[in-house]
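Here the structure is laid out as structure tokens; the discussion comes afterwards.
The values are calculated or read from the model by the stated rules, or taken from the named source; none is laboratory data. This is a predicted model, so every value here is computed, not measured. Cβ coordinates were reconstructed from backbone atoms using ideal geometry, including for glycine residues, and neighbour counts include every protein chain displayed.
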Amino acid sequence: MRQDGRMPDEKRAVRIDPDFVRTAYGSCLIATGNTRVICTASVEEAVPPFLRGRGQGWITAEYAMLPGSTPERKKRDGIKKDGRSVEIQRLIGRSLRQAVDLTRLGERTITLDCDVLEADGGTRTASITGAMVALTCAIDRLVREGKLLASPIVHQVAAISCGIVEEEACLDLCYAEDSHAQVDMNVVMNEQGEFIELQGTGEGRAFSRAEMETLTRYGEKGARELMAAQREALGERAARICPKPLVLVATGNAHKLRELQEMFQDYYTLLPMAAAGFTEDIDENADTFAGNAVIKAEAVCAATGLPAIADDSGLAVKALHGEPGVRSARYAGEHGNDEANNDLLLERMAGREDREAQFECALALKLPGREPIIAEGHCPGRLLYERRGTGGFGYDPLFLYEPLNKTFAELTEEEKNAVSHRARACAAMREKMAALQAEENG
């Protein structure tokens with residue numbers, strides 16, 4: 001047991017209060033034991049001269065201990081900061097740049113200011129952990145304001161101190177322990193358990209490999225506990241950390257978009273093509289669903305430089321030799337007029353006893369620099385003589401899914417997404433993407 005009652009591998013109590021400074025783009029107050037640091041994130045729509053025109057952003061940091069942060073008044077930093085503050089702010093900047101894909105940040109600078117209110121050991125590591133929260137809050141605001149299409153945060157970062165005190169390896173040293181530690185170490189890690197920085201120093205004596213391994217093991221344990229605290233403090237904003245890969249959906253159909261988002265939510269972050277500024281009409285002139293899906297996906301990918309997925313789907317009726325087919329959305333002439341399309345279909349099926357039909361779907365995923373990946377799905381059913389149900393869209397009120405004896409318009413969203421042609425095409429696409437990822441990983 002240590003002087004404050006903690007076990008050797010036990011960190012101090014941590015509290016993180018986000019949005020502590022209302023005027024900042026992102027902020028938090030972090031307290032680890034008696035150490036308290038205000039972390040703020042400020043956004044500037046410019047980059048340092050050495051980065052201008054390179055299409056990427058920058059993350060930098062400043063660190064200061066306020067005059068009352070220690071028992072003996074700490075003098076304010078002047079134009080020239082003291083060497084310790086410069087060293088620490090460089091560490092904070094290096095650490096947090098590892099969290100962000102700077103090419104996706106755009107040509108803007110985020111400055112992380114870490115001001116120590118009260119110092120009781122571990123101020124630099126608390127600053128890194130708190131700055132990660134402030135940075136995430138700022139990124140969330142940039143996305144919500146439409147200044148970023150999606151979060152560029154690719155790693156979660158946290159930091160903690162450890163050391164050897166009176167021949168005992170200990171985690172998260174308070175000042176009383178740190179001031180006479182034989183070995184002092186700071187551990188900065190990401191969510192994958194990778195080290196971003198290790199600062200280990202034999203203050204009073206050298207340390208062995210076995211001791212180093214114990215300290216890094218304690219450091220990883222503490223960092224993971226701090227990451228859990230970060231996510232808890234951020235709440236829903238934690239989804240901005242390591243978001244799923246971004247894919248644009250090449251459609252203006254809100255129903256299709258919602259269904260695809262539901263089906264791929266565990267794999268990708270799907271956004272409508274309009275979110276990336278693509279609003280052009282695409283000439284779907286192929287004679288197959290797969291051909292039209294490829295045309296749409298390639299057009300959006302080429303215009304935005306981002307991965308794009310497109311769906312082309314429709315109804316094929318056996319008695320009508322596959323009609324409406326690729327003209328399903330414009331069967332009656334006006335694109336998207338569901339009522340007119342259903343009326344025309346009923347008119348052409350009048351007097352026909354063979355009501356066999358199937359919904360068909362083709363998905364095309366276009367990744368920059370790769371050939372399109374195509375997956376297809378089919379759902380057989382039967383056409384009714386009149387509409388049933390009020391849900392869904394398109395031909396759903398006329399299409400009877402016989403295993404459940406309900407039309408697609410009578411199914412719940414969960415029921416439909418479990419059996420539909422689009423669900424089956426998505427399942428096939430997921431298999432193809434998993435195979436591609438396995439191939440890339442060797």
task = Give the residue, chosen from G333, G322, that is in contact with a strand residue (DSSP E or B) (Cβ under 6 Å, 6 or more places away or on another chain) and assigned to a loop (DSSP other than H, G, I, E, B).
result = G322
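Report yes if L215 is touching a Pro at 6+ places or on another chain (Cβ under 9 Å) and either more than 22 Å from K147 (Cβ to Cβ) or not assigned by TED's automatic domain parsing to the domain that holds R430 (or both), otherwise no. Walk me through it before giving the result.
On the way: touching a Pro at 6+ places or on another chain (Cβ under 9 Å): no; either more than 22 Å from K147 (Cβ to Cβ) or not assigned by TED's automatic domain parsing to the domain that holds R430 (or both): yes.
No.
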remark   = The one condition Y331 fails out of (1) of a type outside the set (D, E); (2) crowded, with 21+ Cβ neighbours inside 10 Å; (3) in contact (Cβ under 8 Å) with a residue 60 or more places away in the chain; (4) touching a Leu at 6+ places or on another chain (Cβ under 8 Å) is (3)
key: Residue check for A357: in the same structural domain as L436 (by TED's automatic domain parsing), over 18 Å from R382 (Cβ atoms) and either over 29 Å from the mean Cα position of the chain (by Cα) or at pLDDT below 95 (or both)   = no
request  = Check every one of the strands (runs of 3 or more DSSP E) wholly within segment 3-81 and list those with 3 or more residues that are of a type in the set (S, T, N, Q).
outcome  = 35-44
query = Which of the residues that make up segment 372-418 are farther than 20 Å from K318 by Cα and under 28 Å from the mean Cα position of the chain (by Cα)?
reply = P372, I373, I374, A375, E413, E414, E415, K416, N417, A418
key: Matching residues in segment 283-313 - criterion: being outside any helix (DSSP H, G or I) and either within 29 Å of the chain's Cα centre (by Cα) or crowded, with 23+ Cβ neighbours inside 10 Å (or both)   = G305, L306, P307, A308, I309, A310, D311, D312, S313
task = Check D9 against each of (1) loosely packed, with under 15 Cβ neighbours inside 10 Å; (2) not assigned by TED's automatic domain parsing to the domain that holds I92 and name the one condition it does not meet.
result = (1)
ask   = For segment 250-278, which residues satisfy the criterion of being in contact (Cβ under 8 Å) with a residue 24 or more places away in the chain, assigned to a loop (DSSP other than H, G, I, E, B) and polar (S, T, N, Q)?
value = T251, N253
key: Filtered residues of segment 369-412 (kept if more than 19 Å from A290 (Cα to Cα) and among the aliphatic types (A, V, I, L, M))   = L383, L384, L398, L400, L404, A409, L411
